[in-house]
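Enquirer: Attaching a single structure in structure tokens format; questions to follow.
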Amino acid sequence: MPLLLSRDELRPLLDLNKAIELIEDAHRQQAQGKIVPHAPYHIPVRGQSGLRVVSGAALGSGRVGVRLGANSSLGGGNKMYALLFDTESGELLSFMGFPFGTLRTAAVVAIAAKHMAREDSQRLGLFGVGRNAFGILKALLTVRGIKEIFVSSRDPERRQKFCDEAAQLLGIKVRGVDNPEQAVRGMNVILTATNSLTPIFPEATAQQCADG
């Protein structure tokens, strides 16, 4: 009999540190050839990509799953669900709500910083104040001792509100900048939290600013 779990029942079961641990283990399994990925695909609705389907298997953990979520054309929000199966028996283990989208993103960013950013990193530049921004900043602070954050975004009022809230939440200096270069030059870590489908800035330009 599969478990039927709501978003509210699942949310307390996974915190940021546990998410980082689990996703890092999944990366190890992938390096060992034990992850079977499948590219996400969309089912168009009303001329748009109405339903997004993500699936894959973690053979080392004996689990395979499918996650389905409606995007903005179908209301978006919390309309995201997952099916979890046993890879050996094929048994459906659970049908559940999925409240971990932003948590998963934050954990992946933290793992990248853990393995790629200098251990003495203290200055962080952030582009955009989208829905993942708070999460990825909080995650970064679990793996690096960031002391200052510089935020660049297009909307000055929204940027300032974000900086005030982030400074209170994180307990460090969070400053908005008018010139995007100020969130690159001299930074140890640079992050983006936008909905852009193209690079925020050219790689060569970013490297020159960071080096300068």
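No value in this document is a laboratory result; all are computed from the given coordinates. Owing to the predicted nature of the structure, the values given are computational and were not obtained by experimental measurement. Note: ideal-geometry Cβ built from the backbone for every residue, glycine included; neighbour counts use all protein chains shown.
Enquirer: Expressed as a rounded percentage, what relative contact order does the range 87-185 have, with Cα pairs under 8 Å and six or more residues apart?
Expert: Reported as a whole number, the value is 27 percent.
Enquirer: Another question, if that's okay. If amide hydrogens are placed 1.01 Å from N in the peptide plane, which non-local residues have theirs closer than 5 Å to the one on GLY128?
Expert: Close amide H contacts, sequence-distant or interchain: SER152, SER153, ALA193.
Enquirer: Quick one: what does P(r) look like for the range 103-211 with 5 Å bins over all Cα pairs, in whole %?
Expert: Each 5 Å bin holds this share of Cα pairs: 2, 13, 24, 27, 23, 9, 1.
Enquirer: Also, quick follow-up: Which ³J(HN,Hα) values, rounded to whole Hz and listed in residue order, are derived for the range 32-44 from phi using the Karplus coefficients 6.51, -1.76 and 1.60 in 6.51 cos²θ - 1.76 cosθ + 1.60 with θ = phi - 60°, glycine and proline given as x?
Expert: Result, ordered by residue: 8, x, 9, 10, 10, x, 9, 4, x, 9, 10, 9, x Hz.
Enquirer: What dipole magnitude, in Debye to the nearest 20, does the chain give about its Cα centre under +1 on Lys/Arg Cβ and -1 on Asp/Glu Cβ? Don't jump to the answer; show the numbers that get you there.
Expert: Details: 25 positive and 20 negative charges, 67 e Å.
The dipole magnitude comes to about 320 debye.
Enquirer: Further, regarding this structure: Tell me which label goes with the value of Cα extents along the principal axes in Å computed from the coordinates here: (i) 47, 39, 31; (ii) 57, 41, 34; (iii) 66, 29, 25.
Expert: Read-out taken from this structure: (ii).
Enquirer: Something else about it: So which DSSP H runs in the chain come out at 18 Å plus along the axis (Cα) with average Kyte-Doolittle of at least -0.5?
Expert: Qualifying helices, which must be both long enough and hydrophobic enough, are 101-116.
Enquirer: Then there's this: Calculate for the chain the 222 nm mean residue ellipticity that helices alone would give, adding -39,500 (n - 2.57) per DSSP H run of length 4 or more and normalising by residue count, nearest 500 deg cm²/dmol.
Expert: It comes out at -10500 deg cm²/dmol, rounded to the nearest 500.
Enquirer: Who wins for biggest fluctuation among GLU88, GLU165, GLU148 in a Gaussian network model of the chain, springs between alpha carbons below 10 Å?
Expert: Its mean-square fluctuation being the largest, the pick is GLU88.
Enquirer: Lys/Arg Cβ at +1, Asp/Glu Cβ at -1, dipole of the chain taken about the Cα centre: which of VAL53, LEU141, PRO180 is farthest positive-ward?
Expert: PRO180
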